[in-house]
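Inspection log for the structure reproduced underneath, given as structure tokens.
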Amino acid sequence: MTQTTLPPIKKNEPVSAPRGGISDRSRAERRLGWRLAGPAFAVMLLVTAYPILQAVYYSLFNYRLTDPENRSFVGLGNYFVILSDSLWWQAVAVTVLITVVTVVVELVLGFALALVMSKALSTLRPVLRAAILIPYAVITVVSAFSWRFAFNITTGFVNSWLSWLPGIGADTDWFGGKWTSLLVICLSEIWKTTPFISLLLLAGLAQVPDVLQEAAQVDGATWWQRLWKVTIPNMKAAIMVALLFRTLDAFRIFDSIFVMTAGANGTESVSFLAYRQTISRVEIGLGSAVSVLLFLCVVLIAFAFIRGFKIDLAQTRGEK
Amino acid sequence: MHTSRIARPARGGRRTRRGLIAASAAAVLASSLAACGGGDGGSTPTLTWYINPDSGGQAEIASRCSEASDGRYNIEVAQLPRTPEGQREQLVRRLAAQDESIDLMSLDVVFAPELAQAGFLAPVPADLADRVSEGTFPGSVESATWDDELVVIPFWANTQLLWYRKSVAEAAGLDMTQPVTWDQLVAAAQDQQKILSAQGRRSESLTVWLTALIESAGGSIIEENSTNPEDIKLGLASPAGQRAAEVMHDVAVSGVVGPAFTTASEDISASQFESADAGFMVNWPYVWAQAQTKVEAGTLDQSVPEDYGWTLYPRVDADTPSAPPLGGINLGVSAYSRYADFGYEATECITSDENQAYYMNTNGNPASSAAVYDDPEVQEVYPMANTIRESLAAAKPRPLTPYYSEVTGGIQREYHPPASVSDSTGQQADDLISAVLSGDQLL
Amino acid sequence: MSRREKTWWWIAGVVILLYCLFPIAWIASLSFKGPADIANQQFLPSTTTTENYSTILTGTASDLFLPALRNSFGICLIATFISCILSMFAAYAIARLDFPGKKLILSTALAVAIFPVISIVTPLFNLWRQIGLYDTWLGLIIPYLSLTLPLSIWTMSAFFREIPWEMEQAAQVDGATTWQAFRKVIVPLAAPGVFTTAIIAFFIAWNDFAYGISLTSTSRARPVPAALGLFSGASQFEDPTGAIAAAAVIVTIPVVVLVLIFQRRIVAGLTNGAVKG
């Protein structure tokens, strides 16, 4: 930024043509911009836009893969069937529950982790940083298998380790009921994704000006007061981004449920419901309608976040 | 009762002869191959056989039958997912895509109608249909038939037996040489404080259990079959359905089904039956081979399997014979295969009595041909061979319909957990499945 | 810092370590259990055995596991490479050039990042079987690009904004051609960001499950996470717990190695892409 030989250009700002009229140079820049960014843009659009449009189209038909001759147009019929079905609402409830529980716990736990990391002794920090990346990097399916085997009544050690707790013994069947199954699913999700949140929060923590902290300390604020009045408000942007990404991620939960319960005992998520209608039941029409509804839910959440919490993603990323 | 009608040794003998011819052809081929140092590999068609995972038996049979083909075709195996549902998902989607790379398929006994109705199976040559139907258990033939035509070739057949610990049955004063009922088993297990193991998990095994109960009570899950999903009439709410629900509920709440009954699979039942609390169990014959393997590995005491007893599947009512569950694999030939004629030729080799006996002895999967049970080696490996044959002769397949996954999915949803089953469950399941079949509800 | 405080930080650190490593230690321990120990309900095996590893590496499950491992590596590396090249150009344009539609590209990337994979699996399956991409490497590489591109573009453009581009101009003023300026000045500055993005993109591709189980069917293209569901016990009804655990350990090794070597970079990449103040 302390360039002396060149005209003053702010580091983060693109080199732009002089104001007033589109010069040849700026036209060339436009062309170059699209030529460079175009391929990535096209690939992203093709791989997602085409399939979702096809899903929208199929969702208007009664179409079974094994019986293509009897395909018939049903308009919005599939959507009525789904929205009036308790199974859909149960899947939505399970998905929302998993999302809320995991995101809240992850946020609290991730914040605690970030605090420890930020204060940790320099000898310990690299070790912690490496360790914390491991759950993030491990395959979700592997994590789900690990937790499933740990709680499973025959292969697991959890029952024998926790047998001192009332209500838990060698016969405790975690995957036998809805709530205990969901608990284990949530645990595995929390384990896997807390580190990601904590890293985002750690970066946010680093942005809280030390001056403010010191000033508050001088004013006699307790640690707790400083946390709520200084630290958290100053890292709101980081918290919101973490919240948004994790919420959307949690709402699409599929792998863990597939591995751990396969949807038994009312643990089916919306993604899993969509998977079963299209892939297992080969009801392409009905399944596409579930997929489209899932897509709309995700868009709605993203929209609500961005509008409701006024997250300006561009701003948090240093855009204008 | 069907046994005498089925196990006709004369026919079994003919099948074995065919096996011998195949074997000698193989020997001739092997020597000629050795002589010319490899055949004209380029022009030999390769049949791809999609198999369910096993202990290598199907791969071995594939190479035997490739040799027996006299160089006219080669059979390669490719593995499908572990669960029957997973196998079906993959095959149905690929066949719907008219995938030419599938020639032969190992299909679970419940999937033939769906594939046949969709036109995914090449028609079975009439003479072959006659040949393979003879001497094969009626349940297996029924499961291989759709719309009065044989559409797949029965390969091996499975059935559940009632396994008991001799010591427990004796202490409870239960005469196991006579047919026993579910009520008697519950009472005996309660009396001896031992476990009665069954499969209460929300999976295919629940449908297996319910089918056996309803059929044993003299009813059927599908009372009137149809190719039109909306015309299928279900019998879950019939008197037999009610009786089946009652038995299922009584067993589930008996307090002797062991912990984790709602997630108990065949494997969990098998390990329960090896424990000190074991009393009775309904399960497939693989538990015997498994226990023997464990004894050899030194992880199970010899005395445990020595205490195993076996008999026919329990009855629902004392005076009605039981209808044991039927499982197993049928072979399908894809309609999109370029070598359907070779495919059917290969199925005849694969399902020869010789290969069925080999498969039964090495991979633990019982033969669908009754004559195989007379094989001395089978008799030696399976002390319960005669019971298996008797059970298979009486076994009834699960509902045969192109909409099988909807039917079994609906059953699993309504009848799980088994302890929650009540008088109204049958009607609810009936309503749910009908609504799903008419496209008015999700599943 | 007082001695007491120090002790507390140490304890907190050890708790975090345990938290992070416990499930991995468990599946590793499980993978060394023999059939007799699988159901021993203890954390550790009573006798360690490498039986499960020989099952999947040389034994009955090796036909299933080894091709899957090869597919996973091949597909993920190629997808990572392509996604890095494409997003490098895109990120350069975003960070450096002024053109309309920049926001559109970034928003599209965000929209694609939040896209539910399940919603597009079936249409993709139908399309792939029509054009012959079903059960091929390319058939997985393309959808993997939709997973890796958005994050790569965001992360890389964040990195590129940090680069002092003035130096490029300075070099040009000094008489270097545009290409020379780019190669000698910009490439060395941009390389760490590209590399970091590549690691993160690789993690994302490596983690995929839904595409893997839906768009493949044989050893030709099936990746490891999808192959885990195909292992079988000695019979149809026996659970292949040990084999799954061993395979899980093997697919975890590459990511752990990457984490250990490049931890500092990965942290920078993850946080740079998402929170940039």
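On association of chains A and C, roughly 9600 Å² of accessible area becomes buried (total for both chains; probe 1.4 Å). Only beta bridges with both residues in the protein assembly as shown are counted; by DSSP, about 70 percent of them are antiparallel.
So what is the orientation-averaged projected area of chain B, using the convex hull of its C-alpha atoms, in nm²?
Working: hull surface 85.2 nm².
Seen from a random direction, the Cα hull of chain B projects 21.3 nm² on average.
Helical content alone sets the calculated 222 nm signal of the protein assembly as shown at -19000 deg cm²/dmol, taking -39,500 (n - 2.57) per DSSP H segment of four or more residues and averaging over every residue. Under the convention that each Lys and Arg Cβ holds +1 and each Asp and Glu Cβ holds -1, the size of the dipole of the protein assembly as shown around its Cα centre is about 5920 debye.
The mean number of partner chain beta-carbon atoms within 10 angstrom of a residue's beta-carbon across peptide B:96-105 is 3. Figure legend: label point modelled 7 angstrom from the Cα of C:Thr47 along Cα→Cβ; residues of region B:282-315 with amide N under 11 Å from it are B:297-299. Shown here are the Rg and Dmax of the Cα trace of chain A, at 25.1, 79 Å. Computed over chain B with a Gaussian network model linking Cα atoms closer than 10 Å, the most mobile of B:Arg243, B:Arg131, B:Arg389 is B:Arg131. A loss of 50 Å² or more of accessible area (1.4 Å probe, protein heavy atoms, ligands and nucleic acids excluded) relative to the isolated chain is seen in these residues of region C:23-61: C:Pro23, C:Trp26, C:Gln41.
Of all aspartates and glutamates in the structure, the ones whose alpha carbon falls short of 17 Å from that of C:Lys103, not counting any fewer than 8 places away in one chain, are A:Glu13, A:Glu29, A:Asp312, A:Glu319.
Only the Cβ atoms of Lys and Arg (+1) and of Asp and Glu (-1) were treated as charged; on that basis the dipole of chain C about its Cα centre amounts to roughly 620 debye.
Farthest towards the positive end of the charge dipole of region C:62-274, among the residues C:Ala158, C:Ala111, C:Val256, is the Cα of C:Ala158, using unit charges on the Cβ of Lys, Arg, Asp and Glu. With both labels modelled 7 Å from their Cα along Cα-to-Cβ, the A:Arg71 to A:Val100 distance reads 4.1 nm. Taking 7 Å steps out from each Cα toward its Cβ at A:Trp179 and B:Glu377 produces label points 5.7 nm apart. Under a Gaussian network description of chain C, with springs only between Cα atoms under 10 Å, the residue in C:Val185, C:Val121, C:Val15 that fluctuates furthest is C:Val15. Take every Cα pair under 8 Å whose residues are at least 6 apart in sequence, average their separation, divide by the length of chain B, and the relative contact order is 27 percent.
Summing +1 for each Lys or Arg and -1 for each Asp or Glu among the other residues whose beta-carbon sits under 11 angstrom from that of B:Ala264 gives -1.
Take the Cβ atoms of A:Leu162 and A:Ala49, set R0 to 56 Å, and the FRET efficiency comes out at 0.70.
All other residues with a Cβ under 14 Å from the Cβ of B:Val247 taken together, and with Lys, Arg as +1 and Asp, Glu as -1, what is their net charge?
Details: positive: B:Arg243, B:Arg315; negative: B:Asp183, B:Glu215, B:Glu246, B:Asp250, B:Asp317, B:Asp423.
Here the charged neighbours net out to -4.
Only one residue of A:Phe245, A:Val218, A:Ile232 has its Cα farthest out toward the positive end of the dipole of region A:215-317, where Lys and Arg carry +1 and Asp and Glu -1 on Cβ, and that residue is A:Val218.
Per residue, how much accessible area does region C:62-274 show when a 1.4 Å probe rolls over the protein heavy atoms, in square angstrom?
On the way: 6820 Å² over 213 residues.
Heavy-atom SASA per residue in region C:62-274 reads 32 Å².
Which entries in the list A:Lys178/C:Lys33; A:Lys119/A:Lys192; B:Lys294/C:Lys33; B:Lys233/B:Lys396; A:Lys192/A:Lys236 go over 25 Å, if you measure between the two C-alpha atoms of each?
Working: A:Lys178/C:Lys33 30 Å; A:Lys119/A:Lys192 23 Å; B:Lys294/C:Lys33 15 Å; B:Lys233/B:Lys396 18 Å; A:Lys192/A:Lys236 23 Å.
Going by Cα-Cα distance, A:Lys178/C:Lys33 fall outside the 25 Å limit.
Please list the three semi-axes, largest first and in whole Å, of the ellipsoid equivalent to the protein assembly as shown, using sqrt of 5 times the eigenvalues of its alpha carbon gyration tensor.
Numbers: eigenvalues 620, 225, 149 Å².
For the protein assembly as shown, the semi-axes come out at 56, 34, 27 Å.
Taking a 1.4 Å probe, which of A:Val292, C:Val173 shows the most accessible area, and what order do the others take after it?
Values: A:Val292 10, C:Val173 110 Å².
So, going from the largest accessible area down, we get C:Val173, A:Val292.
Could you list log10 I(q)/I(0) for region C:62-274 at q = 0.17 Å⁻¹, which the Debye formula gives when each Cα is one point scatterer? For region C:62-274 at q = 0.17 Å⁻¹, log10 I(q)/I(0) is -1.17.
Here the contact order of chain A, divided by its residue count and restricted to Cα pairs under 8 Å and six or more residues apart, works out to 26 percent.
For region A:223-269, a simple Cβ point-charge model (Lys and Arg +1, Asp and Glu -1, everything else neutral) yields a dipole of about 440 debye relative to the Cα centre. Across B:Asp250, B:Asp353, B:Asp148, mean-square fluctuation computed from a Gaussian network of chain B (C-alpha pairs under 10 Å connected) peaks at B:Asp148. Our summary gives chain C a relative contact order of 29 percent, counting only alpha carbon pairs under 8 angstrom and 6 or more residues apart.
Over both sides of the B-A contact, add up the buried accessible area with a 1.4 Å probe and give it to the nearest 100 Å². Kindly include the intermediate steps, with their values, before the conclusion.
Working: alone 17830 and 20090 Å², together 35760 Å².
The contact between A and B buries close to 2200 Å².
Between B and C, roughly 1900 Å² of accessible area is buried in total, ligands, DNA and RNA not counted and the probe set to 1.4 Å. Would any residue of region A:189-205 have its amide N under 19 Å from a label point 7 Å out along Cα→Cβ of A:Leu227? List them or say none. Taking a point 7 Å out along Cα→Cβ of A:Leu227, the residues of region A:189-205 whose backbone N falls under 19 Å are A:194-195, A:197-205.
Kindly report the accessible area of chain A per residue (heavy atoms of protein chains, probe 1.4 Å, no ligands, DNA or RNA), in Å². Display every interim value, and only then the final one.
Details: 14280 Å² over 320 residues.
The answer is 45 Å² per residue.
Solvent exposure of A:Trp89, expressed as accessible area, is near 130 Å², computed with a probe of 1.4 Å over the protein chains only. The stretch between B:Thr293 and B:Thr46, if pulled fully straight at 0.36 nm per residue, gains 85.4 nm over its current Cα-Cα span. Note on B:Asp277: accessible area is roughly 80 Å² with a 1.4 Å probe, heavy atoms of protein only. Got a sec? Which residues in region A:23-65 would a label at C:Asp98 touch, if it sits 7 Å along Cα→Cβ and we count backbone N under 19 Å? Label zone hits: A:23-37. Note on A:Leu300 and C:Arg3: their simple-model spin labels are 6.0 nm apart, each label 7 Å out from Cα toward Cβ. Of C:Asp135, A:Asp173, B:Asp341, the residue with the largest accessible area leads and the full order is B:Asp341, A:Asp173, C:Asp135 (1.4 Å probe).
Run the accessible area of region C:62-274 with a 1.4 Å probe and give the carbon-and-sulfur part as a rounded percent.
Working: 4690 of 6820 Å².
Exposed carbon and sulfur together represent 69 percent of the surface.
At 1.4 Å probe radius, can you tell me the per residue accessible area of chain B in Å²? For chain B, the solvent-accessible area averages 36 Å² per residue.
By a 1.4 Å probe calculation restricted to protein chains, C:Phe32 has an accessible surface near 80 Å², given to the nearest 10. If you average the C-alpha positions of region B:287-333 and of region B:184-217 separately, how far apart do those two centres end up, in angstrom? If we compute the Cα centre of each part, the gap is 14 Å.
The values are calculated or read from the model by the stated rules, or taken from the named source; none is laboratory data. Please read these numbers as outputs of a predicted model, since none were measured by experiment. With ideal geometry, Cβ positions are generated from the backbone for all residues, glycine too; neighbour counts draw on all protein chains shown. For the accessible areas, the whole protein counts, side chains as well, though only heavy atoms, and no ligand, DNA or RNA atoms are used. Shrake-Rupley method; radii C 1.70, N 1.55, O 1.52, S 1.80 Å.
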